[in-house]
């Protein structure tokens, strides 16, 4: 579960301006320290230093600026506080070193959509000294070439890092090995990188920062980071909360973290194994083209005992991955959140590490400990009615090394999992048959969500292809699900809860755990190789990956929205969507009549009944989507040259035809089992007809999607009669939606609405169908589609026009059979609409 644009933010999406990095995937150039490179790339010259430096005009001696009254906090930079101002004492040794600056909310206004702990911005910074000034440059790592390569000079010349800020040098330090600057205004004034984002400013209609109500609150220095906390008040026309204030006040924290002098050795990403990654164009590689490389995001794990690790023994890492619980977290949920983190130790054992990850309670005896401190990874608990959680991470833009992560946990995620668990398991699970679950039951669900989000912070994206590994009927087996550890081989899938299990299948596992794929992915990403180059590691990992190819336990598929590969979609279970959805609908039919009894609360209105009825409808709709994805579907199996067989294969014709028939039978034939009038009378205000109409129209429009039909046309061109054609699709829909015309059967209100929705969609295809992507672009998993097309440039529009003509013929022939005034009016109106579409006026 992830939060819109904040789901899985990658550090390194920093500045669009370009700088040079010493990272290279060349065999002859392993990653080296980037500080000198950054300095050269940005044109920095050695700054003033030594005893003679103090003679520069306008620069005072240390004692003249930092008097005995100053309060000094020693750390990365010594921070001095004097007369309401904060000064940085920057040692010469840290000029040219890359640092990562991360700005987060600490406190936000009431009724706002943001919460303390959420990230606003991150940038790489390089402090540079020149003459009597200090500047902050913002390097990027999009284009690189290692020092010593032929392209190094060219890349450096075209990748000048912009200057974020400049400061006058106020003094040299006592032994002239550093300088002192005043940073008060930099943090307290309106610097975009350290304040509200442009989007938030636009939403609140912010005109400016009110400096009279803004200030730099505290600056604390630690060995590898500095934490600066500010309060900023902005003049706003539409602020959150009380509009009469005309302003919005936020408390922010900017962490500046020193990046490793020697970047971690990166690991080349592979589309066959899911890891978040960062793209770079490496001009230093000896190739006859600009080479795009992608480095997997992962923590730096190195064995304490390399010899024991080499012998195959489990070894503790030099530095354990540590999470902390937010002090604001309710005590009863803490053990379950902690357990979700520790679940991943089983996966790290596959990579040769024991006790690799842990989660701790917040320290109670350390006044300097703060959840905003960039050194600490924290599960942040938000008092919010948002039903979500998300797991981002901050990583070194030079190498992909994950440095820190703050998981966002919204309080109302418990309502989300309550609803899902109820709707998907209550048919066989007494623990789900109540409006409020016992703490032990909810705790296990909290642990499940925690484990999923931690997986993201380890570098793992969703693997929506994982759940296809298990045969549908095996998910009804207690022994199978216990042996496999849950409902899917990966907790990173959205394979929520076991909606397939039927009454009599009690004892089955109802949710996924860290499974076989997760262990394989962690082995791939975190296995340690001593004295291997990046390319040598990639060769070993490629061999491992090929060995796993073809085994569904290790299949990786990530797609969102309208899936092209029907195996890679969210919220599904099992290897047969039709069979799985049939079981799921059978359970919904068992649950729906009992919702009122199972959600009963004395003295309460029917809110739960209404909410969970909506969940039933939503779950039913998901089943239609799971089956629909096979129509026009294409299986995608990423391969390298060593692997035989096709990468892209169209779904078999028979499966596509069966999928449409299932939807006609389950969705287009009115699902009257949903309509218990006594139950609807408790909460429905004459809205069920429109609700069903919207849902059926959504299912239908998804089938008649331009991109889906364009793939079907492509399939027909390649495979002829073996393909399910768009002509056959229209014919089957015609028969399934206008079935009554051939017999003169009554057309009830639900079917009339569906038929009108069909005409609406045909009109769109004939007149103004939007452009849509055609299919998967070569080499692009997870939503990289081919070129967009317009329905009018394909056979889609003429075939839709022909379908309207066929409908006109059939309706005209059937009209005399009907005497019911409403049905007759409906058919007359349909003919008029068809004529208007085929022969538009003007």
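In the stretch 637-654, which residues are under 24 Å from residue 539 (Cα atoms), touching a residue at least 60 places away in the same chain (Cβ under 8 Å) and over 27 Å from the mean Cα position of the chain (by Cα)?
Within the stretch 637-654, 642, 643 meet the criteria.
Taking the stretch 645-665, which residues are at pLDDT below 95 and assigned to a loop (DSSP other than H, G, I, E, B)?
Scanning the stretch 645-665 gives 645, 646, 647.
Is it the case that residue 484 is under 19 Å from the mean Cα position of the chain (by Cα) and touching a residue at least 24 places away in the same chain (Cβ under 8 Å)?
So residue 484 fails the test.
With the condition kept exactly as written, say whether any residue in the stretch 601-608 is part of a helix (DSSP H, G or I), modelled with pLDDT under 95 and either touching a strand residue (DSSP E or B) at 6+ places or on another chain (Cβ under 7 Å) or surrounded by 15 or more Cβ atoms within 10 Å (Cβ to Cβ) (or both).
Yes: the stretch 601-608 contains one or more residues that are part of a helix (DSSP H, G or I), modelled with pLDDT under 95 and either touching a strand residue (DSSP E or B) at 6+ places or on another chain (Cβ under 7 Å) or surrounded by 15 or more Cβ atoms within 10 Å (Cβ to Cβ) (or both).
Those residues that are closer than 15 Å to residue 63 by Cβ, in a loop (DSSP other than H, G, I, E, B) and touching a strand residue (DSSP E or B) at 6+ places or on another chain (Cβ under 7 Å), I need them from the stretch 171-186; list them, please.
Within the stretch 171-186, just 173 meets the criteria.
When only residues in the stretch 233-243 that are in contact (Cβ under 8 Å) with a residue 24 or more places away in the chain and assigned to a loop (DSSP other than H, G, I, E, B) count, which is surrounded by the most Cβ atoms within 10 Å (Cβ to Cβ)?
The residue in question is 239.
May I ask you to verify whether residue 485 is closer than 15 Å to residue 344 by Cα and at pLDDT below 95?
So residue 485 passes the test.
Please work out if residue 426 is crowded, with 18+ Cβ neighbours inside 10 Å and either under 30 Å from residue 604 (Cβ atoms) or modelled with pLDDT of 95 or more (or both).
yes
Go through the stretch 95-168 and tell me which strands (runs of 3 or more DSSP E), entirely inside it, have 2 or more residues that are farther than 18 Å from residue 226 by Cα and modelled with pLDDT of 70 or more.
Ranges flagged: 119-130.
Return yes or no: is residue 620 crowded, with 19+ Cβ neighbours inside 10 Å and either in contact (Cβ under 8 Å) with a residue 60 or more places away in the chain or under 16 Å from residue 680 (Cβ atoms) (or both)?
Here the answer is yes, as residue 620 does meet what is asked.
Only one of (1) touching a helix residue (DSSP H, G or I) at 6+ places or on another chain (Cβ under 8 Å); (2) part of a helix (DSSP H, G or I); (3) surrounded by fewer than 23 Cβ atoms within 10 Å (Cβ to Cβ) is not met by residue 450, so which one is it?
The single condition residue 450 does not satisfy is (3).
Here is a yes/no grid of residues against (1) in a helix (DSSP H, G or I); (2) buried (at least 20 other Cβ atoms within 10 Å of the Cβ):
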| position | (1), (2) |
| --- | --- |
| 295 | no, yes |
| 308 | yes, no |
| 313 | no, no |
| 319 | no, no |
| 327 | no, no |
| 333 | yes, yes |
| 336 | yes, yes |
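Whether any residue in the stretch 388-399 is over 25 Å from residue 97 (Cα atoms), modelled with pLDDT under 85 and over 17 Å from the mean Cα position of the chain (by Cα) is what I want to check.
No, the stretch 388-399 contains no residue that is over 25 Å from residue 97 (Cα atoms), modelled with pLDDT under 85 and over 17 Å from the mean Cα position of the chain (by Cα).
So which strands (runs of 3 or more DSSP E) stay within the stretch 341-436 end to end and still have 1 or more residues that are in contact (Cβ under 8 Å) with a residue 60 or more places away in the chain and more than 29 Å from residue 303 (Cα to Cα)?
It comes to 377-382, 406-410.
Just to verify a result, which residue in the stretch 626-644, among those that are part of a loop (DSSP other than H, G, I, E, B) and touching a helix residue (DSSP H, G or I) at 6+ places or on another chain (Cβ under 7 Å), is nearest to residue 583 (Cα to Cα)?
In this case the residue turns out to be 630.
In the stretch 803-842, what count of residues is obtained for those that are surrounded by 12 or more Cβ atoms within 10 Å (Cβ to Cβ) and in a loop (DSSP other than H, G, I, E, B)?
1
Which count do you get for residues in the stretch 392-423 that are in contact with a helix residue (DSSP H, G or I) (Cβ under 7 Å, 6 or more places away or on another chain) and more than 30 Å from residue 126 (Cβ to Cβ)?
Counting residues in the stretch 392-423 that are in contact with a helix residue (DSSP H, G or I) (Cβ under 7 Å, 6 or more places away or on another chain) and more than 30 Å from residue 126 (Cβ to Cβ) gives 7.
Might you check whether a residue that is assigned to a helix (DSSP H, G or I) and either surrounded by fewer than 18 Cβ atoms within 10 Å (Cβ to Cβ) or at pLDDT below 90 (or both) occurs anywhere in the stretch 279-287?
no
Can you confirm whether the stretch 520-542 contains a residue that is without any contact (Cβ under 8 Å) to a residue 24 or more places away in the chain, surrounded by fewer than 16 Cβ atoms within 10 Å (Cβ to Cβ) and within 26 Å of residue 474 (Cα to Cα)?
no
Table: residues versus (1) surrounded by fewer than 19 Cβ atoms within 10 Å (Cβ to Cβ); (2) touching a strand residue (DSSP E or B) at 6+ places or on another chain (Cβ under 6 Å); (3) part of a strand (DSSP E or B); (4) modelled with pLDDT under 90.
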site: 196; (1), (2), (3), (4): no, no, no, no
site: 202; (1), (2), (3), (4): yes, no, no, no
site: 216; (1), (2), (3), (4): no, yes, yes, no
site: 226; (1), (2), (3), (4): no, yes, yes, no
site: 231; (1), (2), (3), (4): yes, yes, yes, no
site: 248; (1), (2), (3), (4): no, yes, yes, no
site: 252; (1), (2), (3), (4): no, yes, yes, no
site: 261; (1), (2), (3), (4): yes, no, no, no
site: 272; (1), (2), (3), (4): no, no, no, no
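How many residues does the stretch 561-588 contain that are at pLDDT below 95 and either farther than 15 Å from residue 467 by Cα or assigned to a helix (DSSP H, G or I) (or both)?
Of the residues in the stretch 561-588, 3 are at pLDDT below 95 and either farther than 15 Å from residue 467 by Cα or assigned to a helix (DSSP H, G or I) (or both).
The values are calculated or read from the model by the stated rules, or taken from the named source; none is laboratory data. It should be emphasised that the depicted structure is a prediction, and the values quoted were computed from it without experimental measurement. Glycine also receives a Cβ, built like all others from the backbone with ideal geometry; neighbour counts cover every protein chain displayed.
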